[in-house]
Amino acid sequence: MTLSLQKDKIRFLLLEGVHDNALKTLNAAGYTNIEYIKSALDEAELIEKIKDAHFVGIRSRTQLTRKVLEAAEKLIAIGCYCIGTNQVDLDAALELGIPVFNAPYSNTRSVAELVLAETIMLMRGVPEKNAVVHRGGWNKSAKDSYEVRGKTMGIVGYGSIGSQLSVLAESLGMNVIYHDAVTKLPLGNAVQVGSLDELFAKADVVTLHVPDLPSTRNMMTKAEFDKMKDGAFFINAARGGCVDIDALADALKSGKILGAAIDVFPKEPKSADEEFVSPLREFDNVILTPHVGGSTQEAQANIGLEVAEKFVKYSDQGDTTSAVNFPNVSIPFTAGTHRLLHIHRNVPGVLSQINASFADAGINIAAQSLMTRGDVGYLVMDVDDNDSAKAMERLRAVPETIRVRVLF
């Protein structure tokens, strides 16, 4: 339960060398108390560093477990400078009243370009030819080498990346079909198909662009590879858990799948010092990349800006519009007021209890908005600036309170 702090007292901990756009954005907003570390930290170091932090920014290697979060008594918000948030215990963060922000759109172009490039390389047989030449061979042949023009790309998941890839592929003369869990308006001449089976039967290359959900884990097994066209290609730049790697290896061995490109894996090394182990290493016709789909200078610059801006909006306004684990609330400031942020256990009657208490105390509410998610409610309210101290006392007295802040 924290009063508004001066900006130079609000401490940011940024790990894993996030792009310096994050520093510039925070500095420009008046936040200068920033500790910047280029690496991830092990659990003991992380607990020591995070205990006094109000905001923490991470990429994919830092693990914010319940144990770590419970040690971070001052933590107000978490920023994942990436798309994924699997490295954070989202349920624990919600219970502790900590919103988690990410950058779901900043690297879409980078991923789409990589997948398009891999499509061309795979259909020309470049990965295998490259490997042979490196070993001194000279496999000059047009066998199993194709132009992408006129071929069919099957996109599984037509979100921000899938739809952008669709446009790029079509510009090269490819036919694009896609499947999504919901009906999506196609871009260009892309066609949504009614089932994955239909997509597998028609696509010359299948590429995954789905989120990590129970319904997408192990969505590609032997059964699904068997349904693909003979000699088709497969690409996964989505989530490692979507694919049964052993089943893919078997499909490559049998020749059912003519080549693949994989950027994400069920188990990935935690550092550059740890060996990457996978049955796919034996195949010359497979492109293996170390989870770099979004690792371009442009994407990292965009991500640094996007997540830092979300930090600033939450710190300055209490805005949680795009938090992945938290009730989304955003209201404009009311002149002549102070803003109160009340995070509480989501049980019936909290709002009426607060409003009755404020009425008894003669506190005027200029604006308020309440949203809930799971067991947590988030109330943002503006009260006359002369009433803010009295209002804070009333909010602290609410039994269901998790934390409360005032913004001047």
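The values are calculated or read from the model by the stated rules, or taken from the named source; none is laboratory data. For clarity, every value in this text was computed on a predicted model and none was experimentally measured. As a convention, Cβ positions derive from the backbone with ideal geometry for all residues, glycine included, and neighbour counts pool all protein chains shown. Accessible surface areas use protein heavy atoms only, side chains included; no ligands, DNA or RNA. Shrake-Rupley method; radii C 1.70, N 1.55, O 1.52, S 1.80 Å.
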Can you tell me which of PHE333, PHE326 is among the aromatic types (Phe, Trp, Tyr) and modelled with pLDDT of 95 or more?
PHE326
For the subset of segment 272-290 comprising residues that are touching a residue at least 24 places away in the same chain (Cβ under 8 Å) and touching a Pro at 6+ places or on another chain (Cβ under 7 Å), which member is surrounded by the fewest Cβ atoms within 10 Å (Cβ to Cβ)?
ASP284
Exactly one of these conditions fails for GLU35: (1) among the charged types (D, E, K, R); (2) under 30 Å from HIS338 (Cα atoms); (3) in contact with a Cys (Cβ under 6 Å, 6 or more places away or on another chain). Give me its number.
(3)
Out of all the residues in segment 318-341, which are touching an Asp or Glu at 6+ places or on another chain (Cβ under 8 Å) and either surrounded by fewer than 15 Cβ atoms within 10 Å (Cβ to Cβ) or within 17 Å of LEU407 (Cβ to Cβ) (or both)?
VAL329, SER330, ILE331, PHE333, THR334, GLY336, THR337, HIS338, ARG339, LEU340
Residues in segment 291-299: is at least one open to solvent by less than 10 Å² (accessible area, probe 1.4 Å), touching a residue at least 40 places away in the same chain (Cβ under 8 Å), within 30 Å of LYS143 (Cβ to Cβ) and not charged (D, E, K, R)?
yes
Which condition number in (1) in contact with a Lys or Arg (Cβ under 7 Å, 6 or more places away or on another chain); (2) buried (at least 21 other Cβ atoms within 10 Å of the Cβ); (3) under 26 Å from ARG59 (Cα atoms) is the one that GLY241 fails?
(2)
Only unsatisfied item for ASP89, checking (1) closer than 25 Å to GLN297 by Cα; (2) charged (D, E, K, R); (3) in contact with a Lys or Arg (Cβ under 6 Å, 6 or more places away or on another chain), is (1)
Of the residues that sit in segment 144-199 and are of a type in the set (Lys, Arg) and over 26 Å from the mean Cα position of the chain (by Cα), which one is farthest from ASP230 (Cα to Cα)?
ARG149
Test of understanding: among SER106, SER166, SER145, which residue is part of a helix (DSSP H, G or I), of a type in the set (S, T, N, Q) and open to solvent by less than 50 Å² (accessible area, probe 1.4 Å)?
SER166
Going through segment 345-381 one residue at a time, which ones are open to solvent by less than 40 Å² (accessible area, probe 1.4 Å), more than 13 Å from ARG394 (Cβ to Cβ) and under 26 Å from the mean Cα position of the chain (by Cα)?
VAL376, GLY377, TYR378, VAL380
Quick one: in segment 382-401, of everything that is of a type in the set (D, E, K, R) and assigned to a strand (DSSP E or B), which residue is least open to solvent (accessible area, probe 1.4 Å)?
ASP382
